[in-house]
C-alpha cells in the first residue's frame with residue numbers, strides 16, 4: 001500500500017552573500033525527493049515599475065508558490081533574505097498552511113565576511129554599499145525551532161547538518177511512497 005508522502009518546508013535565511021543559494025543548490029543536488037526551489041530574489045527582482053512602493057509582491061507570490069508546491073506533494077527549499085521576527089506574518093502564513101515538517105535555518109556571518117563573499121560574485125544583484133545598509137536587518141527570528149549555522153561552518157558541514165535535521169535524503173519511490181536512502 002502506498003504511503004502518503006509528508007512534505008517538508010526548509011527555509012534558508014541570512015544576510016546577502018552568506019551562502020543561502022549555494023547551500024540550496026547543494027541540497028537540490030543531494031535530495032531524492034520531489035523538491036522545488038523557491039528563491040525570494042527571483043520574485044524580488046523579477047518585476048519592474050510596481051504601482052506602489054511597499055507592495056510586498058515578492059512575499060505574496062513566493063508564499064503562494066511555496067504553498068502550492070507543498071500541496072502538490074513537493075518538498076520546498078525556500079532561499080530568502082528577509083527581515084523576520086518570531087511572529088512574522090510571512091512565516092506564520094507558511095506555517096499555518098503547512099503545520100508539520102517545517103525547518104528554519106539561519107546562516108550567520110559577520111558583515112566583513114558577507115562583504116568578502118559578496119566580492120566573489122560575478123554578477124551581484126546589490127552593491128556592497130546596499131549590503132552594508134541592509135545588514136542590520138539580518139538576524140535570527142528567535143523562534144525555538146530555528147537552527148543558527150555559524151559562519152565557520154563549511155558548505156559540506158552546513159549541508160550535512162540540514163540533511164540530518166530535515167531527513168531530506170529519504171528516497172522517493174514515485175507512487176510507491178518513500179524509503180530510507182542515502183543522498184548522492
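Pairing the Cα long axis of helix 57-71 with the longest principal axis of the chain, what angle in degrees results, from 0 to 90 and rounded to the nearest 10?
Orientation of helix 57-71: about 10 degrees from the principal axis.
Could I have the simple spin-label model distance between residue 152 and residue 83, label points 7 Å from Cα toward Cβ, reported in nm to one decimal?
Output for this residue pair reads 3.1 nm.
With labels modelled as points extended 7 Å from the Cα through the Cβ direction, what inter-label distance (nm, one decimal) is found for residue 144 paired with residue 164?
2.2 nm
Let me check against my output: what whole-number percent is the relative contact order of the chain, with C-alpha pairs under 8 Å and at least 6 apart?
Relative contact order here is 36 percent.
If packing is taken as the average number of other Cβ atoms within 10 Å across a peptide's residues, how do 77-85, 25-33 rank, most packed first?
Output ranking for 77-85, 25-33: 77-85, 25-33.
Pairing the Cα long axis of helix 20-30 with the longest principal axis of the chain, what angle in degrees results, from 0 to 90 and rounded to the nearest 10?
Helix 20-30 sits roughly 20 degrees off the main axis of the chain.
For a Förster distance of 41 Å, can you work out the FRET efficiency between the beta-carbons of residue 126 and residue 101, rounded to the nearest 0.05?
E(calc), rounded to 0.05, equals 0.80.
Could you give the angle, 0 to 90 degrees to the nearest 10, between helix 155-166's Cα long axis and the longest principal axis of the Cα atoms of the chain?
50 degrees
Taking just the alpha-carbon atoms of region 1-70, what radius of gyration and Dmax come out, in angstrom?
Final numbers for Rg and Dmax: 14.8, 52 Å.
Only helical DSSP H runs with n ≥ 4 go in: add -39500 (n - 2.57) per run for the chain, normalise by residue count and round the 222 nm mean residue ellipticity to 500 deg cm²/dmol.
The per-residue figure over the chain is -10500 deg cm²/dmol.
Suppose R0 equals 25 Å; then what is the FRET efficiency for residue 65 and residue 25 from their Cβ-Cβ distance, rounded to the nearest 0.05?
So the FRET efficiency works out to roughly 0.85.
Cβ neighbours within 10 Å, averaged per peptide: list 34-47, 52-65, 119-132 in order, most packed at the top.
The densest-packed peptide leads the list: 34-47, 52-65, 119-132.
Rule-based calculations on the coordinates, nothing more; no lab input. No experiment lies behind these values; they were computed from the predicted model shown. A quick note on method: Cβ atoms are made from the backbone with ideal geometry, for glycine too, and the neighbour counts reach across all protein chains shown.
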